[in-house]
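Taking it in order: structure first as structure tokens, then the write-up.
Bear in mind these aren't lab numbers, they're just calculated from the coordinates by the rules spelled out. Owing to the predicted nature of the structure, the values given are computational and were not obtained by experimental measurement. Counting neighbours? That spans all protein chains shown, and the Cβs are built from the backbone with ideal geometry, glycine included.
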Amino acid sequence: MEIVFEGIVLRPWSESDARKLALIADNKNISDNLRDGFPFPYSLNDAKIWLESILSENTPPRFFAILLDNVIVGSIGIVTKTDIYRKNFEIGYFLDEKHWGKGIATKAIKAATSYALNNFDVVRVYAEPFADNPGSRKALEKAGFTLEATLRRNVIKNGIVKDSCIYSVLKEDFKYTI
């Protein structure tokens with residue numbers, strides 16, 4: 001299964017993608033904008049472990065490689081929430097730094113969000129970027145997400161206490177369809 005949208009392709013990850021994943025993920029600038037579960041340095045073994053963990057539960061697909069011209073340039077996933085949050089998906093993503101600022105993240109967010117809202121029993125998709133990550137925040141806004149809150153001094157990354165944000169889009173407000 002592939003999602004084709006505005007010149008990019010989202011396709012489920014496979015074990016054979018481990019080397020490419022490790023190559024693009026081994027970047028401190030990427031790691032600095034993600035949760036601590038995303039290691040730096042990012043090794044081939046880290047890629048294999050992560051792929052093994054998501055592939056066992058990726059039916060139907062919720063974790064995708066982002067491809068541009070048949071080359072993996074990033075990752076995006078929609079994470080099912082549970083309990084009282086079960087009608088929500090959290091979206092997370094990263095791009096190879098060479099592709100920052102080109103609109104690829106926005107396209108991937110639109111495609112993954114459309115897929116989530118049209119294929120699963122959810123009413124809301126949200127993301128939690130760090131407040132000091134203007135690229136991610138801009139990509140979410142361009143994809144139709146709204147800033148719900150800035151949570152002051154909410155996270156600790158690299159020993160620094162800083163703000164995070166919550167962006168969301170509701171099913172009835174989302175404008176893009178794949």
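Give me Rg/Rg_expected for the range 42-117, where Rg uses Cα atoms only and Rg_expected = 2.2 N^0.38 Å with N residues. Intermediate results must be reported in sequence, preceding the final value.
Numbers: Rg = 13.4 Å, N = 76, 2.2 N^0.38 = 11.4 Å.
This ratio for the range 42-117 stands at 1.17.
Test of understanding: express the Cα radius of gyration of the chain as a ratio to 2.2 N^0.38 Å, with N the residue count.
Numbers: Rg = 15.4 Å, N = 178, 2.2 N^0.38 = 15.8 Å.
Against the empirical 2.2 N^0.38 Å value, I get 0.98 for the chain.
How far is it, in nm, from the label point at GLU2 to the one at LEU151 when both lie 7 Å from their Cα along the line to the Cβ?
If labels sit at GLU2 and LEU151, their model points lie 3.7 nm apart.
Between VAL73 and residues 5 or more places away or on another chain, which pairs have amide H atoms under 5 Å apart, with H built 1.01 Å from N, and which residues are they?
ILE66, LEU67, LEU68
Could you compute the FRET efficiency for LYS175 and GLU57, with r as their C-beta to C-beta distance and R0 at 22 Å, rounded to 0.05?
Numbers: r = 30 Å, r/R0 = 1.35.
Plugging the Cβ-Cβ distance into 1/(1 + (r/R0)^6) gives 0.15.
Mind sorting VAL169, VAL79 by how few other Cβ atoms lie within 10 Å of their own Cβ, fewest first?
Values: VAL169 24, VAL79 13.
Fewest to most other Cβ atoms nearby, the residues stand as VAL79, VAL169.
How big is the gap, in Å, between the Cα center of the range 107-151 and the Cα center of the range 37-106?
Their Cα centres are 14 Å away from one another.
Mind sorting SER56, SER168 by how few other Cβ atoms lie within 10 Å of their own Cβ, fewest first?
Values: SER56 8, SER168 19.
Placing the least packed residue first, the sequence is SER56, SER168.
At a Förster distance of 25 Å, what's the computed FRET efficiency of LYS87 paired with ARG11, Cβ-Cβ distance as r, to 0.05? Present the calculation step by step, with values, prior to reporting the outcome.
Working: r = 26 Å, r/R0 = 1.05.
About 0.40, to the nearest 0.05.
Placing unit charges on C-beta atoms (Lys and Arg positive, Asp and Glu negative, everything else neutral), compute the dipole magnitude of the range 3-123 about its Cα centre in debye, rounded to 20.
Numbers: 14 positive and 15 negative charges, 54 e Å.
It comes to approximately 260 debye.
What is the projected area of the convex hull of the Cα atoms of the range 22-78, averaged over all directions, in nm²? Write out the running numbers ahead of the final one.
Details: hull surface 17.2 nm².
Spelled out: convex hull of the Cα atoms, projected over all directions, averaged, 4.3 nm².
Which of the pairs LYS107/LYS162; LYS87/LYS110; LYS102/LYS142; LYS48/LYS142 have their Cα atoms more than 24 Å apart in this structure? Numbers along the way, then the final one.
Working: LYS107/LYS162 28 Å; LYS87/LYS110 18 Å; LYS102/LYS142 12 Å; LYS48/LYS142 33 Å.
Over 24 Å apart, Cα to Cα: LYS107/LYS162; LYS48/LYS142.
Given 10 Å bins starting at zero, what is the percent of C-alpha pairs of the range 2-55 in each, up to the one with the largest pair distance?
Bins of 10 Å from zero give 24, 44, 30, 2 percent of pairs.
So what is the relative contact order for the chain, in percent, with contacts set as C-alpha pairs under 8 Å and at least six apart? Kindly include the intermediate steps, with their values, before the conclusion.
Values: 322 pairs, mean separation 34.8, N = 178.
20 percent.
Among bridges DSSP assigns within the chain, what percent are antiparallel (round to 5)? Walk me through the numbers before you get to the answer.
Working: 33 of 36 bridges.
Among the beta bridges of the chain, antiparallel pairing accounts for roughly 90 percent.
Given the options VAL161, VAL123, VAL73, which has the most mean-square fluctuation in a GNM of the chain, springs set between C-alpha atoms less than 10 angstrom apart?
VAL161
Give the residues of the range 15-40 whose amide nitrogen is closer than 16 Å to a point set 7 Å from the Cα of LYS48 in the direction of its Cβ.
Inside the label zone: 15-23.
Run lengths n ≥ 4 of DSSP H only: what is the helix-derived mean residue ellipticity at 222 nm for the chain, with -39500 (n - 2.57) per run over all residues, to the nearest 500? Before the final figure, lay out each step's value.
Numbers: 5 runs with 49 residues, N = 178.
It comes out at -8000 deg cm²/dmol, rounded to the nearest 500.
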